[in-house]
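Encoded as C-alpha cells, the structure appears first; notes follow it.
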Amino acid sequence: MLTRLLFRLAALVLVVAAAFYALLWWSFQPTPAAWTTAAPSPIPRFEGPAAVVGDRVFALGGFGSYQAEERLLVATAKVDVYDPATDRWTPFTELPAPITHINPVVDGNLIWIAGGFEGDNPGGTTASVWRIDIRTGEVTAGPPLPAPRGGGGLIRLGRWLHYAGGYYFSD
C-alpha cells in the first residue's frame, strides 16, 4: 500500500514537472523572424559601425561614398541616428575626423570609440579615443591608445575599456 502511494506520488511529481517544463519550453520558444525594409541610411555607409543606446541606433563614421574615377573610398565623420519608432534617420553630430574601422562601446548615455583608420582609404591608423554624449551630441577626447591601431576590438568590462588587436598602417 505504501509502495503504491509512493509510486502515485512520484508519477504525479513527474507529470507536474513535465507540464511545467513544457510551459517553460513553449513560453520561451522563439517565433520565426522575418526581415522588413526600414528607412534607408542617409548615406550609403559601410565599414562604419552602429551602436544601440536605449531604443535608438547610432551609425558612426565609415565610408560614405566611392569616387570611381579616382578609385577612392571617401570616409565620413557623420554620426546619424535612427529611431525605429518613427522609422526615421536624423543627423546627430560629427566626429573630429572622417574615420572607419572603429568598434563602439556603450556606457550609459556615452558611446566610446578608439583607434580606427582616419581619412579616405587607405587612411592611417590613429591612437585617438573619443567619447560621444548622446544627450548633447558633444564629442570629447579620451586618453589615447598606447599605439595607433585600426580594426581592433573595443569592449567594456565592468568600468574598464579594453582594446585588443588591430592593425597598424601609416599613410
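Here is how the numbers come out for the structure above:
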read-out: Nearest-20 debye value, the range 52-171 charge dipole, Cβ charges on Lys, Arg, Asp, Glu; value: 440
read-out: Residue-normalised accessible area of the range 43-127, given per residue in Å² at a 1.4 Å probe; value: 46
read-out: Potential extension, ASN121-PHE46 segment - 0.36 nm per residue separation minus Cα distance; value: 25.8 nm
read-out: Extension gain, ILE155 back to ALA39 (0.36 nm per residue minus Cα-Cα distance, nm); value: 38.9 nm
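The values are calculated or read from the model by the stated rules, or taken from the named source; none is laboratory data. All values reported here derive from a predicted model rather than from experimental measurement. Note that each Cβ is placed from the backbone with ideal geometry, even for glycine, and that neighbours are counted across all protein chains shown. Side chains included, ligands, DNA and RNA excluded: accessible areas come from the protein's heavy atoms. Shrake-Rupley method; radii C 1.70, N 1.55, O 1.52, S 1.80 Å.
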